[in-house]
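Structure, as structure tokens:
The values are calculated or read from the model by the stated rules, or taken from the named source; none is laboratory data. Everything quoted here is computed from the prediction, not taken from an experiment. Virtual Cβ from ideal backbone geometry, glycine too; neighbours counted across all protein chains shown. Note: accessible area is taken over every heavy atom of the protein model, side chains too, but ligands, DNA and RNA are not part of it. Shrake-Rupley method; radii C 1.70, N 1.55, O 1.52, S 1.80 Å.
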Amino acid sequence: MASAPGSPLDPFLQNGTVVLDGGLSTSLPNGLEDHFLWAHQLLYGMDGGLDVLKKVHREFLDNGADVIGTLTYKFSAETLNAVEKAGLLKDIENNHLTVGELMSRSVGAAVQARDEFWEEYQASVAGSSSGSQDGFVTVPKSRSKPLVFGSCGPFNDNDVFKGATDPNTKGSGDDEESVLRCHYSMKIALLKAAGVDGIAAESLPGKHEAMIAAEEMEKAGVPGWISFCCQDDAHTNNGELLSDCVKAVSSVPAVKAVGMNCFNPKYAESLIQIAKENTDRPIGVYPNSGEIWDARQGERCWHSGTDMKVLTGQDALAFKRAGACLIGGCCRVTPKQIGLFREALDMDSCDVLGNMDQIQQNDGEVLKKQQVASQM
């Protein structure tokens, strides 16, 4: 058994918070998540292919994401088996590609977007000089090189026309242990071989599946986080107490953070409090917009109801003050919203800069206007 290394999140946590990306599939253009592969058809070169995927990764990075997730949430050997069983393989271009090749394409696109961003960021920092423009002084933004985490959605979601937040098709995570171990072992191994910095096992419905995912991360020697999908302010999707689930996975050394994702943001602060009381790990929170995805064949649409929320920087601050250290968004949370998170969190941690009477965001660069009176 390989030993899981230290947490790649540590350099970011030294600055207080880690900004995660938002909903990858739902931020792609032209409603690509409507496809039965939930946007993963891009890996086959369809609908604009990897260029479209890299563009959205880059938008999240440009808006301040410290961690971007790969387009692998709903993709595995089981996915391809389900596609073939449903008679849909004929509708996929380049369907000769193996799961390993497709995983490498996905991770490669994220890594390339990250590396290109980082090269440009370092060049811009090296070429920048202090000064003012229109009465504003640039706030220095020291960033660590962003990370690429391999996304692992729940086992049930690897079937077609099923979704973790869809009440019609969501799974309970109680599949046979041998089946779940085989799934996570293979997927984590492929993501590790493709070059991810860590694993994000996310939208998990309960303790049984989460513990298996965590143990397989430990066996593979890959650090990561475990994140639960929650149906209310205290329970995971299968009805278990979040407190019990958080305690359980926190016992696995490879688990470097524990969180909740793809849930209605109105539950965020209560869920963060429960997590705080049951783990010493950093806590992550990345809710969706409050909308519900209908994953069924012939439906493939969002239902907003009365609970939709457009998340802002004020929400990010509320999550941080409740105790979260990893903060981002899930389905229907856009790169621009992540930019608002970044701006608010940066300003909240800039105590050394003194008082401010105005904060602006200008092409991704955070500016502050100093109070003239304090200088007199």
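Kindly list the number of the only condition in (1) at negative phi; (2) surrounded by fewer than 17 Cβ atoms within 10 Å (Cβ to Cβ); (3) in contact with a Gly (Cβ under 7 Å, 6 or more places away or on another chain) that fails for V107.
Result: V107 passes all but (2).
Considering the stretch 53-91 alone, what residues qualify as being part of a loop (DSSP other than H, G, I, E, B), hydroxyl-bearing (S, T, Y) and open to solvent by less than 30 Å² (accessible area, probe 1.4 Å)?
T70, T72, S76
The rows are residues; the columns are (1) in contact with a helix residue (DSSP H, G or I) (Cβ under 6 Å, 6 or more places away or on another chain); (2) surrounded by 20 or more Cβ atoms within 10 Å (Cβ to Cβ); (3) at pLDDT below 95.
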| residue | (1), (2), (3) |
| --- | --- |
| R300 | yes, no, yes |
| G305 | no, no, yes |
| L311 | yes, yes, yes |
| R332 | yes, yes, yes |
| M347 | no, no, yes |
| C350 | no, no, yes |
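Which residue out of F36, F12 is surrounded by fewer than 24 Cβ atoms within 10 Å (Cβ to Cβ), touching a strand residue (DSSP E or B) at 6+ places or on another chain (Cβ under 6 Å) and among the aromatic types (F, W, Y)? I'd like the intermediate steps shown before the answer.
Details: F36 fails: touching a strand residue (DSSP E or B) at 6+ places or on another chain (Cβ under 6 Å).
Residue meeting the stated conditions: F12.
For L50, are the conditions met, namely being of a type in the set (A, V, I, L, M) and either open to solvent by less than 10 Å² (accessible area, probe 1.4 Å) or over 22 Å from the mean Cα position of the chain (by Cα) (or both)? Full working, then the answer.
Working: of a type in the set (A, V, I, L, M): yes; either open to solvent by less than 10 Å² (accessible area, probe 1.4 Å) or over 22 Å from the mean Cα position of the chain (by Cα) (or both): no.
Criteria not met by L50.
Taking the stated definitions as given, is K145 under 24 Å from S106 (Cβ atoms), modelled with pLDDT of 95 or more, within 20 Å of the chain's Cα centre (by Cα) and in a helix (DSSP H, G or I)? Talk me through it step by step, then tell me what you get.
On the way: under 24 Å from S106 (Cβ atoms): yes; modelled with pLDDT of 95 or more: yes; within 20 Å of the chain's Cα centre (by Cα): yes; in a helix (DSSP H, G or I): no.
Spelling it out, it is not the case that K145 is under 24 Å from S106 (Cβ atoms), modelled with pLDDT of 95 or more, within 20 Å of the chain's Cα centre (by Cα) and in a helix (DSSP H, G or I).
Every residue in the stretch 253-264 that is modelled with pLDDT of 95 or more and buried (at least 19 other Cβ atoms within 10 Å of the Cβ), please.
A254, V255, K256, A257, V258, G259, M260, N261
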